[in-house]
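For reference, the structure is listed below as structure tokens.
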Amino acid sequence: QILKESSVDKEQVTLAAEKASSDQIVFHNGNPGSVKIYLDPGAKMDGFHVELDKSDLNMGEDAIVKISYAPTGPGEKPPITLRLTIMPFNQVFPVTVKFAAAER
């Protein structure tokens, strides 16, 4: 039950594949104590950047994961799965980042 108190505001984000774009995910610590967050940015891709604003959270605090992409060339971009691991519970929140081609 305790593990259900923490959450991310979305489990998927979509960035533009052909122009610079960004988004963010907010993790909320609903646990009755402090936690530490570890960010696994998933696959490496030129122009793709992920940043966690803080890794130590007290009860009720939020952390923001900033995601940005600046294309380095044409081509289809595969989805990337980020993983936020919450310690000491070893709880994992996967977040999928998709890249959308411009509509024609």
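For region 1-80, trypsin sites (Lys or Arg not before Pro) are listed when DSSP marks them as loop and at most 15 other Cβ atoms sit within 10 Å of their Cβ; the list is LYS10, LYS19, LYS44, LYS54. Its Cα centre serving as origin, the chain has a Cβ charge dipole (Lys and Arg +1, Asp and Glu -1) of approximately 200 debye. Only lysines eight or more places from LYS66 in sequence, or on another chain, were considered; those with a Cα closer than 16 Å are LYS10, LYS44, LYS54, LYS98. Solvent exposure of ASP53, expressed as accessible area, is near 80 Å², computed with a probe of 1.4 Å over the protein chains only.
In the assembled protein chains, ASP23 presents an accessible area of approximately 50 Å² (probe radius 1.4 Å).
Across the protein chains, with a 1.4 Å probe defining accessible surface, the residues MET59, MET87 rank MET59, MET87 from largest area downward. Between the listed residues VAL65, PHE99, VAL35, the Cα displaced farthest toward the positive end of the dipole of the chain, a dipole computed from Cβ unit charges relative to the Cα centre, is found at PHE99. Rolling a 1.4 Å probe across the protein heavy atoms gives the chain an accessible surface of 61 Å² per residue. Under the combined filter of DSSP loop state and at most 13 neighbouring Cβ atoms within 10 Å, the chain retains these chymotrypsin sites (Phe, Trp or Tyr not before Pro): PHE89.
Within the accessible area of the chain, the carbon and sulfur atoms contribute 50%, probe 1.4 Å, all protein chains present.
A simple spin-label model places the labels of GLU61 and GLU5 1.6 nm from each other, with each point 7 Å out along Cα-to-Cβ. Within the chain, the longest run free of exposed loop sites, counting GluC sites (Glu not before Pro) that sit outside DSSP helix and strand states (H, G, I, E, B) and have at most 10 other Cβ atoms within 10 Å, spans 1-75.
Rg ratio for the chain: its Cα radius of gyration over 2.2 N^0.38 Å, N being its residue count, equals 1.15.
Provide THR81, THR14 ordered by accessible surface of protein heavy atoms (probe 1.4 Å), highest first. If you can, show how the numbers build up before the last one.
Values: THR81 50, THR14 80 Å².
Descending order: THR14, THR81.
The values are calculated or read from the model by the stated rules, or taken from the named source; none is laboratory data. Predicted, not measured: the structure shown is a model, and the values here were computed from it. Cβ sites come from the backbone with ideal geometry, for glycine too, and all protein chains shown count toward neighbours. Heads up: the accessible areas ignore ligands, DNA and RNA and are worked out on the full protein's heavy atoms, side chains in. Shrake-Rupley method; radii C 1.70, N 1.55, O 1.52, S 1.80 Å.
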